[in-house]
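Below you'll find the structure, written out as structure tokens, and then a few comments.
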Amino acid sequence: MAANAESLARPAVALCRRAALPYAPAMGHIPDDSALMLRYKDGDMAAFETLYRRHNDPLYRYLLRLCRHRDTAEDIFQDVWSKIVKARGSYRPTAKFTTFLYRVARNCFIDHLRRNKRHANTAEFDAELHSHPGEQPEMSTERSLAKERLSRALMTLPEEQRDAFLLHEEAGLSVDQIASVTGSNRETAKSRLRYAMQKLRAAIDEQAERL
């Protein structure tokens, strides 16, 4: 899968000129993403690693399902985190960090499409093909079939609706955040998400009936 936190943190270390600052959060306090990004801006490398651990899996799944090619997803994944590292000096918490992160991710994907007009939309890989620990074989098979049906159904959606669905399901973004990331108004984002849900249900049901 994508590179680990240490390999991604190395360029950040090289870019960071100031020494890490000592932070002592209150006992039991879990800093939010924006606070962590501000700490990273001030030189706290541990804050960056925490951000990475929180968001690397959903970000990778979003990119993998969006571009449907593992090598491409990994390249874009690296590009996204590189841009987050470079943007730390000018970062301002004007929106949730997840909105900022997925806006960068979506822009990186669009830039990739512009550079590679023959981008292949092949769905050869799934973000989670392995079985869960302790899962019975029949449950694992059923889960794999469900994921395969979802992947096929996603391919039938218009790009805007697929993007809205993935931002909601994989990134956990709200309708307002989806609107901000995609540069659309709230009603448009809400409509795209609603139509995506309806079409996916219909497509999955139709596939299930054929089995």
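Report whether or not Leu129 is aliphatic (A, V, I, L, M), closer than 25 Å to Ala196 by Cβ, modelled with pLDDT under 90 and in contact with a helix residue (DSSP H, G or I) (Cβ under 8 Å, 6 or more places away or on another chain).
On the way: aliphatic (A, V, I, L, M): yes; closer than 25 Å to Ala196 by Cβ: yes; modelled with pLDDT under 90: yes; in contact with a helix residue (DSSP H, G or I) (Cβ under 8 Å, 6 or more places away or on another chain): yes.
Yes, satisfied.
Please find, within the range 104-120, the residue that is surrounded by the most Cβ atoms within 10 Å (Cβ to Cβ) out of those that are modelled with pLDDT of 85 or more and of a type in the set (Lys, Arg). Steps first, answer last, please.
Initially, the range 104-120 is screened for residues modelled with pLDDT of 85 or more, giving 104-115.
Subset that is of a type in the set (Lys, Arg): 106, 114-115.
Numbers: Arg106: 22, Arg114: 9, Arg115: 8.
Going through the qualifying residues, I end up with Arg106.
From the list Ala164, Ala179, Ala171, Ala153, exactly one residue is modelled with pLDDT of 65 or more, in contact with a Pro (Cβ under 9 Å, 6 or more places away or on another chain) and either surrounded by 15 or more Cβ atoms within 10 Å (Cβ to Cβ) or in the same structural domain as Leu101 (by TED's automatic domain parsing) (or both). Which is it?
Values: Ala164 fails: in contact with a Pro (Cβ under 9 Å, 6 or more places away or on another chain); Ala179 fails: in contact with a Pro (Cβ under 9 Å, 6 or more places away or on another chain); Ala153 fails: in contact with a Pro (Cβ under 9 Å, 6 or more places away or on another chain).
One residue alone meets the criteria, Ala171.
Report the residue count in the range 156-211 for those that are outside any helix (DSSP H, G or I), closer than 13 Å to Leu66 by Cα, within 16 Å of the chain's Cα centre (by Cα) and hydrophobic (A, V, I, L, M, F, W, C). It would help to see each step written out before you state the result.
Our first condition is that a residue be outside any helix (DSSP H, G or I); within the range 156-211, this holds for 156-158, 170-174, 183-185, 211.
Cutting the leftovers down to closer than 13 Å to Leu66 by Cα gives us 156-158, 170-171.
Applying the additional criterion that residues be within 16 Å of the chain's Cα centre (by Cα) yields 170-171.
From what is left, the residues that are hydrophobic (A, V, I, L, M, F, W, C) are 171.
Qualifying residue count for the region: 1.
The values are calculated or read from the model by the stated rules, or taken from the named source; none is laboratory data. From a predicted model like this one, the values you see are computed outputs, not experimental measurements. FYI the Cβ positions are ideal-geometry reconstructions off the backbone, even for glycines, and counts take in every protein chain you see.
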